[in-house]
Amino acid sequence: MMKTAPLSCSLRLLALCLALFSLLAHAERIRDLTTVAGVRSNALIGYGLVVGLDGTGDQTMQTPFTTQSLSNMLSQLGITVPSGTSMQLKNVAAVMVTAELPPFSRVGDRLDIVVSSLGNAKSLRGGTLLMTPLKGVDNQIYAMAQGNLLVTGAGAQAGGSRTQINQLNGARISGGATVEREVATQFANERVLRLQLNDEDFAVAQQISDAINRRYGAATAVAEDARVIRLQAPQESGARVRFLAAVQNLPVQASAGDARVIVNARTGSVVMNRHVMLDACAVAQGDLTVEVARSSQVSQPNTPLAGGQTVVTDASRVSVRASGGSLQQLKTSADLNSVVRALNSLGATPNDLMSVLQAMKSAGCLHARLETS
């Protein structure tokens with residue numbers, strides 16, 4: 001009998017450890033919920049020429065800017081094109097070049113670039129991008145791009161004919177640009193740092209602030225509003241980086257956040273981030289009629305002393321009818337999933353589905369944020 005007590009304690013300890021592990025497993029890191037204010041990428045853009053195409057370039061009669069750009073480039077290389085010369089540039093295409101300059105980029109770093117046709121070129125396959133300056137919003141040159149284009153995609157072979165599926169007027173160059181100018185940042189000199197939530201939420205902001213203060217002491221973090229948490233960081237740059245790295249890896253038990261319903265207006269697909277319940281309502285959209293009725297059934301014992309228990313169950317009903325069609329009636333919980341499933345079974349169009357959901361939202365029976373993509 002004396003040997004069972006330690007075993008019982010060990011089992012309780014193991015159960016406690018498993019519970020804590022399960023709790024931490026569902027926690028999210030602060031780095032997954034926030035970004036550091038001021039630490040962001042910058043968009044770059046440039047105009048250039050692609051040469052070496054196999055007769056699939058711009059038609060110069062319809063894109064005169066391609067001829068003008070080539071003439072300007074040749075003049076900078078010491079070649080003068082006689083005025084009135086009609087250049088047939090089937091192997092040249094005017095393009096726009098875009099890139100993202102990551103934060104803390106240094107001179108000499110390589111960037112991936114995207115090249116897109118600006119004129120009426122049929123294909124950029126096999127082309128070479130000539131040296132193209134990439135500018136920021138301040139019109140300063142931050143990178144130079146050049147290299148061979150890579151057009152990705154696939155083709156289909158059917159019945160002896162070949163059909164091209166991929167887009168031939170867009171291409172990429174991995175490491176096709178070199179950083180020539182750095183973006184000035186005040187991160188190394190800032191005593192106060194700010195974390196910005198990806199989605200505004202007062203509860204999550206306070207939870208992040210409490211988690212940081214438990215680890216580093218009171219007043220280290222203050223939630224300024226539903227999106228920003230202010231941090232008191234060390235003064236020395238190395239300690240600041242170490243502090244921020246540790247903060248971003250802290251686990252936080254974030255709340256579920258707002259309920260959202262995202263509808264793709266083109267395909268009719270519906271995405272919900274949680275179980276969305278509906279209040280009683282009736283919606284008529286075209287030849288569709290949707291009715292949601294919520295009620296409860298109470299089951300009691302036959303006699304007061306029978307020793308039974310009173311049970312309240314959900315007896316909600318969702319009814320969807322189309323004129324000339326069958327009635328779809330579901331005796332289930334009044335949730336949005338039931339309505340969407342019934343509408344799809346009746347062949348409702350994406351516009352009908354979106355109109356019904358918007359009507360429910362306006363009537364106040366859909367308690368979720370409705371978004372259209």
For the range 263-322, enumerate the residues that are within 19 Å of Lys361 (Cα to Cα), at pLDDT 70 or above and of a type in the set (Lys, Arg). Arg274
Residue check, Ser75 surrounded by fewer than 18 Cβ atoms within 10 Å (Cβ to Cβ) and either over 36 Å from the mean Cα position of the chain (by Cα) or part of a loop (DSSP other than H, G, I, E, B) (or both): yes
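The rows are residues; the columns are (1) modelled with pLDDT under 90; (2) out of contact with any His (no Cβ under 7 Å at 6 or more places or on another chain); (3) part of a loop (DSSP other than H, G, I, E, B); (4) within 29 Å of Val241 (Cα to Cα).
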| site | (1), (2), (3), (4) |
| --- | --- |
| Ser105 | no, yes, yes, yes |
| Gly108 | no, yes, yes, yes |
| Gly119 | yes, yes, yes, no |
| Val137 | no, yes, yes, yes |
| Ala145 | no, yes, no, no |
| Ser174 | no, yes, no, no |
Got a number for residues in the range 244-271 being surrounded by 13 or more Cβ atoms within 10 Å (Cβ to Cβ) and part of a strand (DSSP E or B)? 7
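Look through the range 84-103, keep the residues that are part of a strand (DSSP E or B) and of a type outside the set (S, T, N, Q), and return whichever of them is surrounded by the most Cβ atoms within 10 Å (Cβ to Cβ). Quick ask: steps written out before the conclusion?
Narrowing the range 84-103 to residues part of a strand (DSSP E or B): 93-101.
Subsequent filtering for residues that are of a type outside the set (S, T, N, Q) retains 93-97, 99-101.
On the way: Ala93: 29, Ala94: 23, Val95: 27, Met96: 14, Val97: 24, Ala99: 23, Glu100: 14, Leu101: 21.
Only one residue fits best here, namely Ala93.
Condition test on Asp201, is it loosely packed, with under 15 Cβ neighbours inside 10 Å and acidic (Asp, Glu)? Don't jump to the end; show me each part of the working.
Numbers: loosely packed, with under 15 Cβ neighbours inside 10 Å: no; acidic (Asp, Glu): yes.
Judged against the criteria, Asp201 is not a match.
Being assigned to a loop (DSSP other than H, G, I, E, B) and free of Cβ contacts under 8 Å to residues at least 24 places away in the same chain is the filter here, so list the residues in the range 348-367 that pass it. Can you show your working first?
In the first step, residues of the range 348-367 are kept if they are assigned to a loop (DSSP other than H, G, I, E, B); the result is 348-349, 364-365, 367.
Within the range 348-367, none qualify.
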Residue check: is Asp54 touching a strand residue (DSSP E or B) at 6+ places or on another chain (Cβ under 8 Å), within 30 Å of Gln167 (Cβ to Cβ) and among the acidic types (Asp, Glu)? no
Which residue is nearest to Ala211 (Cα to Cα), if the candidates are limited to the range 1-54 and must be at pLDDT 90 or above and of a type in the set (S, T, N, Q)? Thr34
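The values are calculated or read from the model by the stated rules, or taken from the named source; none is laboratory data. In this text, all values refer to a predicted model and were calculated from it rather than measured experimentally. Cβ atoms come from the backbone with ideal geometry, glycine included; neighbour counts cover every protein chain shown.
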